[in-house]
Amino acid sequence: MFPRPIEQTRPLTQRLYTIALPVALILWLFPLLGVAVTSLRPASDLAQGNYFGVPSYIAFENYVSVFRDSDLGRYMLNSLKVTIPTVIGAVALSCLTGFALGIYKFRSNLLVFFLFVAGNFVPFQILMVPVRDLTLNLGMYNSWTGLAMFHIAFQTGFCTLFMRNFIKALPFELIEAARVEGVSEIRIFWYVVLPLMKPAIAALSVLIFTFIWNDFFWATVLTTTKETQPITAGLSSLNGQWVAAWHLVSAGSILAALPPVLMFFLMQKHFIAGLTLGAVK
Amino acid sequence: MSSYWKRNQLRIAPWLFLAPGAIMFLVYVIMPVFQSLSLSFYDWDGLGTKTYIGTANYVELMDDDAFYTSLKNNVIWLVLYLLAVPAGLFIAIFLNQTVRGIRIYKSLFFFPFVISQVVVGLMFSWFYAPNFGLFYKVIEFVTGNGVAILADERYVTYGIIAAGLWPQIAYVMILYITGLNNIAPDQVEAARLDGAKGLKMLWYVILPQLRPATFIALVVTVIGALRSFDLVSIMTDGGPYGSSRVLSFYMYEKALSEYGFRMGYGAAIAVVLFAIMMVFISGFIWKMWRDETER
Amino acid sequence: MTYLKTGAVAFAAALLMSGSAFAQTRALSYNADFDPTPLAAFQALIADFEAENPDIKVTLNNFDHEGYKTAIRNFLTADSPDLANWYAGNRMAPFVTSGQFQDVSDVWTENGLDDQLASAKASMTIDGKQWGVPYTYYQWGIYYNKDAYKAAGVEVPTTWDGFVENCAKFQAAGIDCLTTGSKALWPIAGIFDYLNMRTNGYEFHMDLTAGKVAWTDDKVKATFAEWAKVVPFTTENHAAIDWQDAAALLVQGKAANYVMGNFAVATFKEGGMTNDNLGFMVFPEITAGLPRAEEAPTDTIHIPAGAKNVADAKKFLAFVARADVQTKLNSALGQLPTNKGATVDAADPFISAGFESLSSAYALAQFFDRDAPAEMAKAGMEGFQEFMVKPDRLDAILERLEKARGQIYK
């Protein structure tokens with residue numbers, strides 16, 4: 001394997017490596033560590049200018065205050081209201097489209113496929129005005145439905161790419177066998193292919209959850225009030241409210257980042273599988 | 001009816017399955033691209049009537065200083081963001097050992113990608129803040145005079161790019177870690193027996209096998225560089241006096257922010273951004289097409 | 001069973017009767033974007049209005065402050081309320097010209113507002129007609145730290161030259177003469193507005209913001225020349241900090257003067273300043289003899305064109321303009337009543353000073369980002385920020401602003 005396995009090197013190199021690892025990690029996560037410490041620093045410390053020293057005490061009340069005195073909890077609830085339907089919708093639609101593009105041979109197969117792929121790469125700004133207009137006309141402006149509808153449609157691009165590649169890698173004999181037995185296509189989809197797609201569904205769900213939870217642009221464009229704004233847009237306006245209250249900004253940021261992080265740590269395998277499909281041939 | 005279905009289902013079925021997803025995609029992604037293109041030839045403030053003005057928006061754009069600043073910044077973003085690829089490769093190689101707990105290290109190194117860019121932006125804003133930001137203090141300690149990165153037109157774009165590179169390197173790293181896991185061990189052994197090591201091994205044996213990973217890494221890095229809205233919005237709002245603007249942010253400023261409701265003009269900016277990205281997207285699609293048809 | 005039946009019939013009859021009694025109550029819907037304190041004040045005002053007019057019920061729909069600025073563009077076209085909050089001056093112009101606000105000049109004439117709200121009338125007038133009613137404004141001026149003045153051994157200046165002389169002494173004492181936080185851009189527009197009005201007069205400032213004067217005009221350069229005198233003594237990294245960060249500097253005595261609005265007093269006091277060490281002064285005179293104009297951003301209520309209950313909406317506007325109503329409202333808001341017949345809390349030195357300053361002012365500007373159209377305001381404020389960081393770029397900045405003027409005011 002590459003590079004040379006560390007066990008085969010001189011003991012000194014091994015030692016250096018064992019020290020280098022944690023040091024590198026701390027340097028890498030430095031901004032995060034700094035913010036985490038600041039989130040537990042009491043406001044009095046900041047007022048007196050104690051930004052870097054040991055906090056005078058661990059101020060868990062910052063977290064309580066963030067929930068109690070601001071709308072952070074509501075923003076997070078709004079994020080859930082947008083993210084979960086999107087995950088369900090996008091994954092469901094892409095199971096269908098991935099199946100269509102992966103199993104069937106028809107002339108425009110590759111064209112449709114690449115349309116989905118290309119559409120996934122377009123800059124959001126080219127979509128901004130028409131989508132905003134459409135959402136307004138549908139009466140879904142400033143609601144979780146409007147945001148979810150857009151995300152479901154847009155993420156279908158990425159998800160179709162994912163599912164189609166996954167399905168292509170499945171053993172085709174299963175489908176041929178079912179067809180020979182006269183099973184209808186719809187039943188083939190539901191009973192033969194779908195159960196095999198479970199790992200892909202898990203991976204995609206985790207990824208889409210993260211992408212949608214962390215989306216900022218569309219949250220800002222399509223929602224405007226605290227009743228509907230997800231945590232990303234909400235954190236931005238709270239930041240305006242908490243100017244110079246870095247302990248609150250830090251606590252809010254940590255809380256906002258938590259759900260995808262938890263999801264990541266719990267479902268690592270799926271997460272990484274989702275991102276790296278295609279990185280390996 | 002059902003016998004028609006039975007006879008033709010192989011032909012009809014794909015379209016049936018495609019329909020829901022394709023319709024959503026058409027309505028929300030494909031059509032809006034053309035609608036924006038069309039809108040760029042009008043003058044509209046989102047409220048009143050649309051007035052057709054032909055290419056007037058583009059003519060104005062050619063003379064717009066802020067547009068050129070944004071363009072310049074986009075180029076800087078593109079070039080510097082590509083650093084994420086070798087950086088990610090380097091960290092992936094660094095972590096490609098089987099010591100105890102390496103899995104936790106890999107997860108933790110990947111961490112920054114899972115965080116929202118809004119949070120990343122806030123973290124780095126705190127880091128750079130004058131008078132108490134850690135970065136400011138370090139510069140003050142070393143040079144005697146603190147530099148407020150986000151307030152200095154010379155450095156602000158670089159400061160924001162640094163913030164963006166943090167999660168981007170993590171993303172590339174994971175791609176390469178997976179890629180490295182799939183390197184053929186026999187090729188490596190054979191090369192080692194031939195006496196190859198270090199950089200030679202990397203260049204001649206490892207990198208060729210990592211081509212798929214490198215391709216994806218380049219794609220996501222280029223797309224990420226040109227998309228950089230979130231960080232600019234959170235960290236500087238385009239400032240100081242517009243020097244950190246990028247096209248994605250400038251478009252939003254002109255079309256939707258408090259100080260501008262010129263949707264037509266914003267659409268024109270978006271079209272320019274789209275055209276730039278299409279150059280890269282076409283390149284990527286072409287390569288993927290070739291790979292697909294080779295199969 | 002029969003009891004139930006008769007009971008049901010009686011109940012239904014009672015419902016029908018109360019229904020018709022309800023039908024006589026008229027409804028007013030009112031959209032606004034109040035922060036918590038103003039919201040409470042307005043809810044009290046609405047209760048008073050309903051007490052005087054028992055047959056009218058007002059429903060207040062309160063929006064988030066930032067979201068309201070985009071929401072108003074939607075609800076003025078679809079589903080208008082009867083009343084809506086907004087701002088005066090150029091800020092209301094787009095809605096007036098597109099016909100989305102109603103002409104309420106009759107409310108002004110019928111209730112004597114032309115006289116009682118005289119200082120604010122100009123900012124509510126377009127084309128000779130009034131388009132809304134102002135209910136509150138607040139003063140801008142220079143807030144200073146008396147302890148910082150003592151530490152540097154200077155006196156409160158009475159002229160601009162005195163102010164500039166003091167700056168050198170502040171610098172010697174290691175204190176910023178002037179502080180501001182320009183990250184959000186608008187705070188420094190206040191400095192520009194005052195420098196321009198004091199150097200060239202109110203009419204010139206209004207002409208400039210209305211796009212009638214070139215930015216490359218010598219008079220504009222004169223304003224910037226005055227500004228250049230204090231730029232070296234202004235907080236260094238102002239472009240990276242917000243106004244609250246700068247307020248902290250004033251509180252800590254690291255800065256001596258701050259051109260700000262009266263809403264900042266709450267922040268100063270939260271930081272620990274008191275009436276003893278926080279001072280307020282009107283911006284000093286620069287060009288001798290110019291009538292004194294002040295900055296006084298005004299909040300207003302309008303009737304949208306699509307309003308359903310216009311008659312009662314006008315009643316509400318007349319109510320809000322009344323002196324006694326304004327006294328009560330503004331004491332809760334902590335701001336100044338626009339009706340010169342109203343009274344203010346004599347114990348609050350800042351409110352009293354503000355009321356005096358504004359009631360006797362020659363004219364009132366609405367703040368740069370309300371007097372100038374939105375796009376020009378943004379370009380202008382960016383220019384101000386660039387000037388403060390790079391004063392030697394003034395000519396290039398002014399040319400750029402002049403180019404923008406050509407494109408924006410068409």
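The residues of the range B:18-70 that are within 14 Å of chain A (Cβ to nearest Cβ), under 23 Å from the mean Cα position of the chain (by Cα) and surrounded by 16 or more Cβ atoms within 10 Å (Cβ to Cβ), listed by number, are B:25, B:28, B:29, B:30, B:32, B:33, B:36, B:37, B:67, B:70. In this structure, residue A:108 does not satisfy being among the hydroxyl-bearing types (Ser, Thr, Tyr) and facing chain B (nearest Cβ under 8 Å). Output yes when any residue across the range C:347-370 is buried (at least 17 other Cβ atoms within 10 Å of the Cβ), among the charged types (D, E, K, R) and more than 16 Å from the chain's Cα centre (by Cα), and no when none is. For the range C:347-370, residues buried (at least 17 other Cβ atoms within 10 Å of the Cβ), among the charged types (D, E, K, R) and more than 16 Å from the chain's Cα centre (by Cα): absent. Residue pairs whose Cβ atoms lie under 9 Å apart, separated by 6 or more positions or on different chains, with the first residue in the range C:261-283 and of a type in the set (Val, Ile, Thr) and the second part of a loop (DSSP other than H, G, I, E, B), are C:265/C:273; C:265/C:334; C:265/C:348; C:282/C:139; C:282/C:292.
The single residue among B:175, B:231 that is under 20 Å from the mean Cα position of the chain (by Cα), of a type in the set (A, V, I, L, M) and within 19 Å of residue B:75 (Cα to Cα) turns out to be B:231.
For (1) in contact (Cβ under 8 Å) with a residue 40 or more places away in the chain; (2) buried (at least 18 other Cβ atoms within 10 Å of the Cβ), each residue gets a yes or a no:
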| residue | (1), (2) |
| --- | --- |
| A:58 | no, no |
| A:76 | yes, yes |
| A:79 | yes, yes |
| A:82 | yes, yes |
| A:87 | yes, yes |
| A:108 | no, no |
| A:121 | no, yes |
| A:132 | yes, yes |
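Here is the figure for the range C:358-386: residues that are closer than 21 Å to residue B:245 by Cβ and of a type in the set (S, T, N, Q) total 1. Checking C:216, C:298 one by one, the residue that is modelled with pLDDT under 95 and among the polar types (S, T, N, Q) is C:298 and no other.
Return the residue satisfying two criteria in turn: it lies in the range C:167-207 and is without any contact (Cβ under 8 Å) to a residue 40 or more places away in the chain and either assigned to a helix (DSSP H, G or I) or within 14 Å of chain B (Cβ to nearest Cβ) (or both), and of such residues it is farthest from residue C:409 (Cα to Cα). Among residues in the range C:167-207 that are without any contact (Cβ under 8 Å) to a residue 40 or more places away in the chain and either assigned to a helix (DSSP H, G or I) or within 14 Å of chain B (Cβ to nearest Cβ) (or both), the one farthest from residue C:409 (Cα to Cα) is C:172. Candidates in the range A:166-188 are the residues that are over 23 Å from residue B:7 (Cβ atoms) and within 13 Å of another protein chain (Cβ to nearest Cβ); of these, the one that is surrounded by the most Cβ atoms within 10 Å (Cβ to Cβ) is A:167. Look at the range B:272-295: where a residue is within 9 Å of chain A (Cβ to nearest Cβ) and in a helix (DSSP H, G or I) and a partner is surrounded by 13 or more Cβ atoms within 10 Å (Cβ to Cβ) and hydroxyl-bearing (Ser, Thr, Tyr), sitting 6+ places away or on another chain with Cβ atoms under 7 Å, you get B:273/B:248. Across the range A:89-105, which residue is surrounded by the most Cβ atoms within 10 Å (Cβ to Cβ) among those that are at the interface with chain B (Cβ under 8 Å from one of its Cβ atoms) and of a type outside the set (Ser, Thr, Tyr)? It comes out as A:100. Of the helices (runs of 4 or more DSSP H) contained entirely in the range B:14-84, those carrying at least 3 residues that are touching a residue at least 24 places away in the same chain (Cβ under 8 Å) and farther than 27 Å from residue C:76 by Cβ fall at B:56-62, B:65-81.
Hey, does the range C:138-146 have a residue that's modelled with pLDDT under 90 and outside any helix (DSSP H, G or I)? Scanning the range C:138-146 turns up no residue that is modelled with pLDDT under 90 and outside any helix (DSSP H, G or I). Within the range C:60-112, the only residue that satisfies the criterion of being among the small types (Gly, Ala, Ser), within 14 Å of chain A (Cβ to nearest Cβ) and part of a loop (DSSP other than H, G, I, E, B) is C:78. Among the residues making up the range C:113-126, a single one is in contact with a Ser or Thr (Cβ under 7 Å, 6 or more places away or on another chain) and either within 14 Å of chain A (Cβ to nearest Cβ) or not in a helix (DSSP H, G or I) (or both): C:117.
The values are calculated or read from the model by the stated rules, or taken from the named source; none is laboratory data. This one's a predicted model, so the numbers in the text were calculated from it and none came from an experiment. Virtual Cβ from ideal backbone geometry, glycine too; neighbours counted across all protein chains shown.
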